[in-house]
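Data block below; observations after.
The values are calculated or read from the model by the stated rules, or taken from the named source; none is laboratory data. Everything numeric here is computed off the predicted structure, so don't read it as measured data. When we count neighbours, we look across all protein chains shown, and the Cβ atoms used for this are built from the backbone with ideal geometry, even at glycine. When the accessible area is computed, the model is the full protein with side chains, heavy atoms only, and any ligands, DNA or RNA have been set aside. Shrake-Rupley method; radii C 1.70, N 1.55, O 1.52, S 1.80 Å.
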Amino acid sequence: MDHSADAQRTDLMTITRFVLNEQSKHPESRGDFTILLNHIVLGCKFVCSSVNKAGLAKLIGLAGETNIQGEEQKKLDVLSNEVFIKALVSSGRTCILVSEEDEDAIIVEPSKRGKYCVVFDPLDGSSNIDCGVSIGTIFGIYTLADIHEPTIKDVLRPGKKMVAAGYCMYGSSCTLVLSTGAGVNGFTLDPSLGEFILTHPGIKIPNKGKIYSVNEGNAKHWDGPTTAYVEKCKFPEDGSSPKSLRYIGSMVADVHRTLLYGGIFLYPGDKKNPNGKLRVLYEVFPMSFLVEQAGGQSFTGKERALDLIPTKLHERSPVFLGSYDDVEEIKALYAAEAKEE
Ligand code: AHM
Ligand code: MG
């Protein structure tokens, strides 16, 4: 019997092996980050398995409803939040957690504290759960200077201060995309092994793309630069082909496609919602971190997204992110508008 194929599988680059390799480049490191990441990975696997069996397990439905046994059913986003909080606290490496699902930050009790702050959206795009569209978990990680007296000021810091960011997409496959500040790598969950395997090493976003991604239903309320930009995508003045429109309405899936194929993802502010919809700490920052690490840009309409200093936990901001040259064009339109004012 030929076991060579099996033998080859054991040589795979798992996410743990990858992070350990990265860590060995920093001899002073004590393995805390690897432990934290292992716990995040565990949370992702758990949520992935719940998402996959959502229809079967009757996990879909309103939080607070009861099932046939009279047990309370948990909506997937509520369940995912609990899973990540437990996974992060039990790592013993976190100090402050900020979740989209919780109004206040969670300050980890002193006996379980470590030096990391994690900001996360446990299940983004949850309005898409019931129709099986890809959804995901988004996370960003900061390090604390002093773990003894943590305050929310420790997380109200610009995105450029993050030490790592990533997302896990629960789609046709389960994909985890991670940056620890030295490029972007993608891992796919091999269900037969229960391991994330490096499948997309060194992701680089194309300099220019052929896709724009925006909720055009809001066009009526857009400002001048966004309107002008989308018009240029459809009717380019330089004779080039128009861009295609792709919008899933699930940020993880839209950003994942943008990273791999290039193009631009826009969630602008508008007359109704001047700050747009997406949250700075756990949506805009981690995605901007990844896009920059892959060679693209992320802009708020005023500044580099990662320079923004949030003033509250659930603050929102407009965001334009993607291929370097595409974002450059929208930046030019905002700069021209600012000059006119
Ligand atoms: P959520 O955090 O409530 O799930 O909302 C965030 C989602 C993003 O995944 C997506 O980019 C955006 O909302 C889509 O919004 P819209 O439906 O307004 O286009
Ligand atoms: Mg969200």
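Across the options Val319, Leu260, Gly217, the greatest Cα extent toward the positive end of the charge dipole of segment 211-340 (unit charges at beta carbon of Lys, Arg, Asp, Glu) belongs to Gly217. The dipole here belongs to the chain: it is taken about the Cα centre, uses +1 on the Cβ of Lys and Arg and -1 on the Cβ of Asp and Glu, and is about 220 debye.
Note on Ala219/Leu193: beta-carbon distance plugged into 1/(1 + (r/R0)^6) with R0 of 45 Å gives a FRET efficiency of 0.45.
Among complete DSSP H helices in the chain, those whose alpha-carbon atoms stretch at least 18 Å along the helix's long axis and whose mean Kyte-Doolittle hydropathy reaches 0.0 are 32-52, 76-90. Annotation for Asp325 and Thr16: the two label points, set 7 Å from Cα along the Cα-Cβ direction, are 4.4 nm apart. Per residue, segment 211-340 exposes 43 Å² of accessible surface when a 1.4 Å probe is rolled over the protein heavy atoms with every protein chain present.
The slack in the chain from Glu101 to Tyr247, taken as 0.36 nm per residue of separation less the alpha-carbon distance, amounts to 50.1 nm. Between Ile152 and Phe235, the FRET efficiency from the beta-carbon distance, with R0 = 41 Å, is close to 0.35.
Could you rank the peptides 159-165, 47-53 by their average count of other C-beta atoms within 10 Å per residue, with the highest value first?
On the way: 159-165: 20.9, 47-53: 18.4.
With the highest mean Cβ count within 10 Å placed first, the list reads 159-165, 47-53.
The base-10 log of I(q)/I(0) for the chain, evaluated at q = 0.06, 0.14, 0.16 Å⁻¹, reads -0.22, -1.16, -1.43 [Debye formula, identical scatterers on Cα atoms, solvent excluded].
In this structure, the residue pairs whose Cα-Cα separation is over 32 Å, taken from Lys208/Lys302; Lys232/Lys312; Lys53/Lys161, are Lys232/Lys312; Lys53/Lys161.
What accessible area per residue, rounded to a whole number of Å², is obtained for segment 4-200 using a probe radius of 1.4 Å? Walk me through the intermediate numbers first.
Numbers: 9410 Å² over 197 residues.
That works out to 48 Å² for each residue.
Return the tail of the calculated pair distribution for segment 142-244, meaning the percent of Cα-Cα pairs more than 23 Å apart. Of all Cα-Cα distances in segment 142-244, 59 percent exceed 23 Å.
Positive end of the charge dipole of the chain (Lys, Arg +1 and Asp, Glu -1 on Cβ, about the Cα centre): tell me which of Ser90, Phe299, Val155 has its Cα farthest that way. The residue sitting most towards the positive pole is Phe299. At full extension, Phe46 and Ser172 could sit 43.7 nm farther apart than now, given 0.36 nm per residue minus the alpha carbon distance.
Considering only protein heavy atoms and a 1.4 Å probe, what is the carbon-and-sulfur percentage of the accessible area of the chain?
C and S fraction of accessible area: 52 percent.
A straight chain from Lys271 to Lys302 at 0.36 nm per residue would run longer than the Cα-Cα distance by 9.6 nm. Just checking the listed ones, Ala305, Ala253, Ala105: in the Gaussian network model of the chain with Cα springs under 10 Å, the one fluctuating most is Ala105.
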